[in-house]
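Below: the structure, in structure tokens.
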Amino acid sequence: MKKKLLFAFFVLVMISGIFAQQKIVLKIASSAPARTPWDIELKKLAQEWNKITKGLVSVRFMDMTVLGGEKAGVVKMKPSRPGQRPQIDGAILSPVGLNELAPNAKIFTLSLPFLIQNQEELDLVLSEYGYAFENEIQKNGCKLITWSNVGWLSFYTKDSYSTLNELKKIKMLCSNDTKDFTDVLKISGFNVLPVDPAKFTQELKASAGARSFASVSILAYTLRLYKDVSYMLDARICPIMAGFVMSDESWALIPDQYKPAMLEAMNKTTKNLNAALEDMEREYVKEMKQGGIKIISLNPQQKKEWTKEFQEDMKRVQKTLPNIINAEIYEKITKQLEAYRK
């Protein structure tokens, strides 16, 4: 009898230990500014995942800048040994970070100037060719949880200009997170000043520093970057994609029974963000204009000229850095969108 009780006790202890170990805290790095729609929706998603998994999974978001930027975040997301859990479990990465994670994905293909012009076109392209980028991310040991459009890239400057050539001459700040992106800008003729992400605002405020930067409106407004410039280009240069990725090791910790519902919750969050994007950007631009920003607009002829010049720039990029752009998919996307616009 005593042996049976002792055996039952040990079984109970072992079971309790197993259940205690099942609690999973996912550390996810993000650059989303506090109290923005992205920040709010991600926190709602964390609550939903916790509910779906009956308290098993919780999410702790970490500031990507504090980690040292996206390049550092990607390094921390890779396990030091196969099968070992990495320092952080996942991250929400921009094209710059995704390129660091999976160079062969050639993610900058989706960011070519004036290639994709609205959310409907972006959805169409991702539904047709998203798998090609996702497969390369998977080959680098990560699960792509979702894509989302953070906003449309535009230029913010202290000086006015009337041509693309004049814009290129204005010293432009960019993050030194990745050499590839800096090289693309340089080959395209931009006067680039790479800086540490943590010193971006400091450099922009310096009287002898850079006089322009490229950004989406959500960051230009919420980080108050627009306060240090005078002009904004009213043109959608390209969508800035965010990829929510998790390391395979961390994703494997979650029981398979919960994953479909977790991914469905993520899809709902993505749809909510994409649907609200137009209104968000309109509101941010309105607030920046009220704050003193002047708008530089392109007429149809100017946009045509800029598009042609950017296309020539991309040809030079492709020739100099052949591994940056997927020429085959670019041609397919171009033909697909030409047919779609008719």
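For a modelled paramagnetic label at residue 208, 7 Å from Cα along Cα-to-Cβ, the residues of segment 155-195 in reach, with backbone nitrogen under 20 Å, are 158-159, 170-174, 191-195. Each principal axis of the Cα atoms in segment 226-270 has its own extent, and those three values, largest first, are 52, 21, 19 angstrom. In the chain, the alpha-carbon atoms span a convex hull of 147 Å³ per residue. For segment 207-239, the residues whose amide N sits under 17 Å from a probe point set 7 Å from the Cα of residue 307 along the beta carbon direction are 234-239. Across q = 0.19, 0.22 Å⁻¹, segment 258-342 modelled as identical point scatterers on its alpha-carbon atoms has Debye log10 I(q)/I(0) values of -1.07, -1.04, in the order of the q list.
Cβ-to-Cβ counts within 10 Å put 293, 116 in ascending order as 293, 116, the fewest first. With the simple spin-label model, which puts each label point 7 Å out from Cα in the Cβ direction, the residue 339 to residue 201 separation comes to 4.8 nm. Annotation: peptides 245-251, 332-338, 181-187, ranked by per-residue average of other Cβ atoms within 10 Å with the highest first, follow the order 245-251, 181-187, 332-338. Estimated from the Cβ-Cβ distance and a Förster radius of 30 angstrom, the FRET efficiency linking residue 276 and residue 224 is about 0.90.
For the cross-link pairs 139/186; 71/199; 168/315; 179/335, the ones whose C-alpha atoms lie over 25 Å apart are 139/186; 179/335.
Think of it as helices only: each DSSP H run of n ≥ 4 in the chain is worth -39500 (n - 2.57), and spread over all residues that comes to -16000 deg cm²/dmol at 222 nm.
Between 328, 203, 41, the residue with the greatest mean-square fluctuation in the GNM of the chain (Cα pairs under 10 Å linked by springs) is 328.
As a length-normalised measure over Cα pairs under 8 Å and 6 or more apart, the relative contact order of the chain settles at 23 percent. DSSP beta bridges confined to the chain are antiparallel in about 50 percent of cases.
The Cα trace of segment 125-190 gives Rg and Dmax of 16.6, 45 Å, the first to one decimal, the second as a whole number. Placing a pseudo-label 7 Å from each Cα along the Cα-to-Cβ vector at residue 297 and residue 328 gives an inter-label distance of 4.3 nm. Which pairs break 19 Å Cα to Cα here: 169/227; 76/143; 23/78; 43/289; 44/271? Beyond 19 Å between Cα atoms: 169/227; 23/78; 43/289. Report, as a whole number in µm² per second, the diffusion coefficient that Stokes-Einstein gives for segment 175-298 at 25 °C and 0.890 mPa s using the Kirkwood radius over alpha carbon pairs. Once the numbers are plugged in, D ends up at 139 µm²/s.
Residues 238, 142, arranged from fewest to most other Cβ atoms within 10 angstrom of their Cβ, appear as 238, 142.
Throughout, read-outs are computed from the coordinates displayed, never taken from laboratory work. Predicted model, so just to flag it, every value in this text is computed and none were measured. Note that we place each Cβ from the backbone using ideal geometry, even for glycine, and neighbour counts take in every protein chain shown.
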